[in-house]
1. Among the numbered criteria (1) in a helix (DSSP H, G or I); (2) within 30 Å of Thr36 (Cα to Cα); (3) under 16 Å from the mean Cα position of the chain (by Cα), which one does Glu127 miss?
2. Can you work out which of the residues in segment 14-54 that are closer than 22 Å to Arg96 by Cβ and in a loop (DSSP other than H, G, I, E, B) is farthest from the chain's Cα centre (by Cα)?
3. Please verify whether segment 141-160 includes one or more residues that are of a type in the set (A, V, I, L, M) and over 18 Å from the mean Cα position of the chain (by Cα).
Amino acid sequence: MNTIRNVYNYLSGKSVKLQNIIEQQSLYFLDNIDLTNNRTEKAFYTHEIICITTDAYEFFMEVNSRYNYFYENITNLTNEIAKQFYKLIVMHHLIRFEGKTNNYIFNNEEQESLFFNIFEFSESEKELYFYFLDLYQKDISEFELDFSKKFIHKVFNIQNISLPILAFTCNFFYNSYQNMEKYYFDWVV
């Protein structure tokens with residue numbers, strides 16, 4: 001019985017740490033949304049952060065499957081890794097949203113700059129965004145594969161990616177985007 005209690009205490013401690021990291025990043029980016037007074041932009045970015053936070057809880061804490069690299073690496077999650085997680089997912093969602101709906105979030109450079117400021121994109125992250133936006137417009141399948149590889153590398157620091165982990169990550173992005181889009185049009189619009 002002591003062994004079970006020790007395992008439970010160990011895992012629940014990790015769970016509390018993980019919750020704190022996820023909540024810190026969520027609140028951090030929600031605070032950044034105050035950079036805009038535009039209600040549509042606030043609604044979109046708030047919805048994004050809520051969806052990404054839900055993804056973080058689900059895939060880091062709940063879905064324990066064989067190739068869930070998120071769950072396997074919960075002990076490595078730091079604020080910096082969580083920040084990359086949020087940035088990359090919002091990048092993916094925005095590229096897919098614009099490409100699928102032909103509904104551009106950025107009608108001008110000011111809105112584009114606002115997005116980069118809210119999520120604190122570095123110059124290299126901006127370049128990455130434009131690279132993937134261009135790739136999406138050329139080849140959606142290649143975009144999904146390359147984006148998933150980049151995500152695995154940046155969030156988990158893995159160089160040699162197995163096909164099952166890549167497939168799991170591609171599926172994660174597919175479901176993440178589908179949920180974001182569904183609830184955006186159901187609740188926000």
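1. (3)
2. My answer is Asn38.
3. no
Throughout, read-outs are computed from the coordinates displayed, never taken from laboratory work. Every value quoted in this text rests on a predicted model; they were computed, and no experiment measured them. All Cβ positions, glycine included, derive from the backbone under ideal geometry; neighbour counts span all protein chains shown.
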